[in-house]
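Have a look at the structure below, then the notes.
What follows is calculated from the coordinates using simple rules that are stated; it is not laboratory data. Remember, predicted model here, so these are calculated numbers, not experimental data. Note that each Cβ is placed from the backbone with ideal geometry, even for glycine, and that neighbours are counted across all protein chains shown.
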Amino acid sequence: MEKISTVTGVAVPLRRSNVDTDQIIPAVFLKRVTKTGFDDALFHGWRQDPEFILNQPAYRGASVLVAGPDFGTGSSREHAVWALRDFGFQVVISSRFGDIFRGNAGKQGLLAALVAYEDIERIWEVIEAEPGMPVTVDLVDRTVSAGELTVSFEIDDYTRWRLLEGLDDIGLTLREEEAIAEFEQHRAAWRPTTLPIREPAEAGN
Amino acid sequence: MTASSERPRTLAEKVWDDHLVKQGEDGTPDLIYIDLHLVHEVTSPQAFDGLRMAGRPVRRPDLTIATEDHNTPTLDIDKPIADLTSRTQIETLRRNAAEFGIRLHSLGDKEQGIVHVVGPQLGLTMPGITVVCGDSHTSTHGAFGAMAFGIGTSEVEHVLATQTLPLKPFKTMAINVEGTLRPGVTAKDIILAVIAKIGTGGGQGYVLEYRGSAIRALSMDGRMTICNMSIEAGARAGMVAPDETTFAYLKGRAHAPEGADWDAAVEYWKTLPSDEGAEFDAEVFIDADALEPFVTWGTNPGQGVSLSERVPDPAAIDDQHERAAAERALEYMDLRPGVPLKEIKVDAVFMGSCTNSRIEDLRAFASIVAGKQKAEGVRVMVVPGSARVRLEAEAEGLDKVFEAFGAEWRFAGCSMCLGMNPDQLAPGERCASTSNRNFEGRQGKGGRTHLVSPLVAAATAIRGTLSSPWDLEQAVTEVEAK
Ligand code: SF4
């Protein structure tokens, strides 16, 4: 997982509330066998409309999504985070997130920044006035800056630390590598191993 | 659960304590070592993809084993798989196993089969170990006194990369089943009765430990049937303390310990049963003498009653949510309250799934149907849990019994348990099934499932209506109660 401290990039105003994970990525895409390549699936329904904000050339290559309240509610599918990330988003800003989505985001290196709704409206105004203008999200200071405007955001200390350090769940556990190796040293010989493959000595029942 | 050795501990606590890589502090989870990781084609692709993206290897390929089961066809297994999604998942597993050096038993291999049948059969599942798999019915392996539970795809990746999982301790619940089962009543009836008693959410947050004389009397196959369905009571895992039955089952299996290792293992395994005076967070009591063959009437595994009863009347249910659920279930199942369950006609009988597809299950089914003809118009499918079970059954001539009865004898896999392959019910079809989930559409869109034991499945296949061996003239005393 990449470390994040500041992200500067094009911000997209998504003036919708209650964007649930079904809208972020419809169920038909869950059949895939990869963890990447979901960029085409992101907001698949809405993107059929040429007017949809993500289809507008000014927002090409965006990395910050500024959404209305209750973003990422609904089913727990981790694919929602994968799709946002694959599309190029590193930060999602909202005034309220679905709990599971927020947890999944933190684990997968997507920064979910909680910003007060009045401030979201101010960000929308600034970035809509000049579509495609870059904004800067600073995880160290916990601020979002767009032009003259700077507002602060909330994120819990633990998730912030993980993002700054670039630690996913596995990365965190691997910090205990020594303890794991130590445990393995004392693993009893009778405990099962699948390799090398052994044939039965006699037929069981 | 703590590592204190003075306090009397339960079986679950002992296994937990012996796998602590690092004890959690300030509310952080414990880090638990995983002894055995079972992998199948549905929940593993993204886990391997995640490893690839991060450039991480599989830490312990020698503690990992994969098999193809959920999607595999049970007919024409030498032909390419017709369904594209199924084929992609299986081909992806084959590629991943090759790339990461994982042992894989593919369709056609003699060790292929349902992941929860394969592990025990190879002697990989044993007492006192931790077992995980990206599948909720991993609880099956608890029958050996192992701590075994299902995990999600991210956790599959976590275990592949680290051979550990960060976990918060579970609570423990004792399920005491005392007494002697009557002939014709089996392990499946015990677990269906347990779930009907505590409800589909009753086990939430708990590891269930099945105890008591009726459990001790069960074979390993029967104990697996019980632990398998722990998840249907909402529990994360189910366990049975290891004993001589467990050791006898394991001895001589391909991956069971040998020589001095065997002796050391048995010595350790004998220390595992819950200590006298160990405290459980909850306890439940079931009277084995009173149990009858059981059947579900609704669309969750907790909606079950004795087969001698009638379809319940939702109006008589006090809890309004349960009442509403019962009303919806009866509508879906197309059943009227008050109808004797034995009058319900079925279109199909499915004998299979990780709950009941081991050799003893097939023997039990065969013991009832031998020399008989299936009811007209009823489709009967017998699907062994693994290729090895299939071979064993054929060596005993069971396949001939099934075929003479009019049943289809298939190749190993999950099959109609979840209908991911072509083995499905048609809309509106009613099935007596030895599997574990009677959810709406589980066995095919619009299909209606009644969960039953192999003996009830067999009697139902003969009479064409839900029936127990008690309804057949044949004496059943020789049918070993498992
Ligand atoms: S047989 Fe059914 S319950 Fe068991 S692993 Fe297969 S699909 Fe799951």
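Calculate, for B:E178 and A:M133, the FRET efficiency according to 1/(1 + (r/R0)^6) with r their C-beta to C-beta distance and R0 56 Å; round to the nearest 0.05.
Calculated value: 0.15.
Could you work out how far the C-alpha centroid of the range A:119-186 sits from that of the range B:366-396, in angstrom?
What the calculation gives is 58 Å, centre to centre.
Which whole-angstrom value gives the distance between the alpha carbon centres of the range B:145-197 and the range B:51-125?
23
Under the classification rounded if a/c is under 1.5, otherwise prolate if a/b is larger than b/c and oblate if not, where does the range B:161-268 fall, given a ≥ b ≥ c as square roots of the Cα gyration tensor eigenvalues?
Oblate.
Among the lysines, which fall within straight-line cross-link reach of B:K400, defined as a Cα-Cα distance under 22 Å, with same-chain neighbours fewer than 8 residues apart omitted?
Once the sequence-local lysines are set aside, what remains near B:K400 is B:K110, B:K372, B:K374.
If I model a spin label at A:W161 and B:A426 as a point 7 Å from the Cα along the Cα→Cβ vector, what separation in nanometres do I get?
Output for this residue pair reads 6.2 nm.
Which order do the peptides A:9-19, B:298-308, B:119-129, B:140-150 take when ranked by the mean count of other beta-carbon atoms within 10 Å per residue, highest first?
Sorting A:9-19, B:298-308, B:119-129, B:140-150 by mean packing, highest first, produces B:140-150, B:119-129, B:298-308, A:9-19.
Separation between the B:Y332 and B:K400 pseudo-spin-labels, each 7 Å from Cα along Cα→Cβ, expressed in nm?
Here the answer is 4.3 nm between the modelled labels.
Under a straight-distance cross-link criterion of Cα-Cα below 18 Å, which aspartates and glutamates are reachable from B:K445, leaving out those fewer than 8 residues away in the same chain?
Within the straight-line cut-off, B:K445 pairs with B:D83, B:E331, B:D334, B:D347, B:D423, B:E429.
Percent of Cα-Cα pairs more than 34 Å apart in chain B, please.
31
Determine the shielding of peptide A:166-175 by partner chains: average, over its residues, the number of Cβ atoms on other chains within 10 angstrom of each Cβ.
Mean shielding by partner chains, rounded to a whole number: 5.
Go ahead and run the numbers for FRET between B:Y268 and B:K110, Cβ-Cβ distance against an R0 of 25 Å, rounding to 0.05.
That gives a FRET efficiency of 0.20.
Using the 10 angstrom Cβ neighbour count as an exposure proxy, how do A:D119, B:D35 rank, fewest first? Intermediate values should be presented prior to the final figure.
Values: A:D119 17, B:D35 26.
Ordered from fewest to most neighbouring Cβ atoms within 10 Å, A:D119, B:D35 come out as A:D119, B:D35.
Under the classification rounded if a/c is under 1.5, otherwise prolate if a/b is larger than b/c and oblate if not, where does the range A:89-185 fall, given a ≥ b ≥ c as square roots of the Cα gyration tensor eigenvalues?
prolate
Given a Förster distance of 22 Å, report the FRET efficiency between A:H186 and B:R7 from their Cβ-Cβ distance, rounded to the nearest 0.05.
Details: r = 23 Å, r/R0 = 1.04.
With R0 = 22 Å, the Cβ-Cβ based efficiency is 0.45.
If I model a spin label at A:T150 and A:E2 as a point 7 Å from the Cα along the Cα→Cβ vector, what separation in nanometres do I get?
2.4
Checking the a/c ratio against 1.5 first, then a/b against b/c, what shape does the Cα gyration tensor give for the range B:339-482?
It is oblate, given that a/c is not under 1.5 and a/b is not larger than b/c.
If you average 1/r across every pair of different Cα atoms in the protein assembly as shown and take the reciprocal, what Kirkwood value do you get, in Å? Kindly include the intermediate steps, with their values, before the conclusion.
Values: mean 1/r = 0.0373 Å⁻¹.
Taking the inverse mean of 1/r over all distinct Cα pairs, the protein assembly as shown comes out at 26.8 Å.
Restricting things to Cα coordinates, could you compute the convex hull volume per residue of the range B:103-179 in Å³?
Considering the Cα atoms of the range B:103-179, their hull volume per residue is 131 Å³.
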